[in-house]
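S.K.: What follows is a structure written as structure tokens; I'll ask about it next.
The values are calculated or read from the model by the stated rules, or taken from the named source; none is laboratory data. Every value quoted in this text rests on a predicted model; they were computed, and no experiment measured them. So basically every Cβ, Gly included, is an ideal-geometry build from the backbone, and we count neighbours across all protein chains shown. For the accessible areas, the whole protein counts, side chains as well, though only heavy atoms, and no ligand, DNA or RNA atoms are used. Shrake-Rupley method; radii C 1.70, N 1.55, O 1.52, S 1.80 Å.
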Amino acid sequence: MTYIRLQDIDKTFYMKNDQAYYALKNISLNIEKGDFITVIGGNGAGKSTLLNALAGTFFLDSGKIIIDEQDVTQLPEHKRAKQISRVFQDPSLGTAPRMTILENMALAYRRGKKRTLKRGHSHDEKEFFKQQLASLNLNLETRLESEVGVLSGGQRQAIALIMATLHSPELLLLDEHTAALDPKTQRMIMELTHQIIKNNHLTSLMITHHLPDALHYGNRLIVLHRGEIVKDFNEEEKKALHVTDLYELLLTLDERM
Ligand SMILES: Nc1ncnc2c1ncn2[C@@H]1O[C@H](COP(=O)(O)OP(=O)(O)OP(=O)(O)O)[C@@H](O)[C@H]1O
Ligand SMILES: [Mg+2]
């Protein structure tokens, strides 16, 4: 049974001269539970808009979004937050800089749980957070009381990723979440992403401009161009692809006016 269904989605924005243009045009996409879909396409192709549509950042012009049999099309972003987690390119968007690592994690952990009047965290929760951090091998479990703002971008992004998945969301949306990192840290965060998605059986969409990552990770690859899905490679097709094929494809799309 299809887990997430996007049906005939349109989203237009208006330019200064009041002319409308399609950021998403007639998008239909079926996502199965456990799908890890990598998303590529040129600047302005509509990739972030597609993830925003799923997260509920805005309402659609037309079309429907069904998640696990529930029509969420009219649900605002905060009502989808329990099911949907996001990590962005900018590490500062996923964490609160003036709060400690522990406070950040406690906050993320509470999200999606029934509201409780109790503040802070229990001893067990602290141990759980420590364990999660230890799995990163970044020694962050010894720095629970450090403010997140003093950490490096890679360290923050690792914490943002753990925070985004602490409450086991149904859907994880990654928008170029490794783009601001140095190559070594990028590798580390990508491996961590892969592990977290696998261990928690998450369904995920990941936008990247890094074509080798788009090929290496995930079981499906979609290509956006001018608001439309122009290619949808399944696992087998994806395995047969090379980076040069993707590069060529992106070039020909640009030439096709
Ligand atoms: N809030 C908005 N208001 C007006 N136009 C918008 C808005 N959000 C996105 N757009 C436009 O929609 C189109 C798609 O933008 P989007 O951010 O989805 O591209 P993208 O594929 O994520 O590109 P990039 O690779 O540069 O991040 C662009 O032309 C962009 O200017
Ligand atoms: Mg984008």
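S.K.: Only one of 11, 64, 16 is open to solvent by 10 Å² or more (accessible area, probe 1.4 Å), of a type in the set (Lys, Arg), more than 15 Å from residue 228 (Cβ to Cβ) and within 14 Å of ligand 1 (Cβ to nearest atom); which?
M.R.: 16
S.K.: With a cut-off of at least 3 residues that are more than 26 Å from residue 237 (Cβ to Cβ) and in contact with a Ser or Thr (Cβ under 6 Å, 6 or more places away or on another chain), name the helices (runs of 4 or more DSSP H) lying wholly within segment 103-215.
M.R.: Result: 153-165.
S.K.: Among the listed residues 92, 85, identify the single one that is more than 16 Å from ligand 2 (Cβ to nearest atom), within 21 Å of residue 217 (Cα to Cα) and either at pLDDT below 95 or surrounded by 21 or more Cβ atoms within 10 Å (Cβ to Cβ) (or both).
M.R.: Checking each option against the conditions leaves just 85.
S.K.: Something else now. Just one of 168, 152 is modelled with pLDDT under 90 and out of contact with any helix residue (DSSP H, G or I) (no Cβ under 7 Å at 6 or more places or on another chain); which is it?
M.R.: 168
S.K.: If I ask for residues that are away from ligand 1 (no atom under 15 Å from the Cβ) and either over 21 Å from residue 204 (Cα atoms) or touching an Asp or Glu at 6+ places or on another chain (Cβ under 7 Å) (or both), which ones from segment 27-47 would you list?
M.R.: Matches in segment 27-47: 28 only.
S.K.: Based on what the data block shows, is residue 54 part of a helix (DSSP H, G or I) and open to solvent by less than 50 Å² (accessible area, probe 1.4 Å)?
M.R.: Judged against the criteria, residue 54 is a match.
S.K.: Hey, can you tell me all the residues within segment 34-51 that are farther than 17 Å from residue 4 by Cα and in a loop (DSSP other than H, G, I, E, B)?
M.R.: Those that are farther than 17 Å from residue 4 by Cα and in a loop (DSSP other than H, G, I, E, B): 41, 42, 43, 44, 45, 46.
S.K.: Within segment 70-102, can you find the residues that are part of a loop (DSSP other than H, G, I, E, B) and either in contact (Cβ under 8 Å) with a residue 40 or more places away in the chain or under 28 Å from residue 182 (Cβ atoms) (or both)?
M.R.: 82, 83, 88, 89, 90, 94, 95, 96, 97, 98, 99
S.K.: Pairs needed: first member in segment 169-180, under 14 Å from residue 92 (Cα atoms) and in contact (Cβ under 8 Å) with a residue 24 or more places away in the chain; second member anywhere, assigned to a strand (DSSP E or B) and within 12 Å of ligand 1 (Cβ to nearest atom); C-beta distance under 6 Å; at least 6 residues apart or different chains.
M.R.: 175/207; 176/207
S.K.: Out of the residues in segment 197-209 that are at negative phi and surrounded by fewer than 19 Cβ atoms within 10 Å (Cβ to Cβ), which is farthest from ligand 1 (Cβ to nearest atom)?
M.R.: Applying the filter and picking the extreme gives 199.
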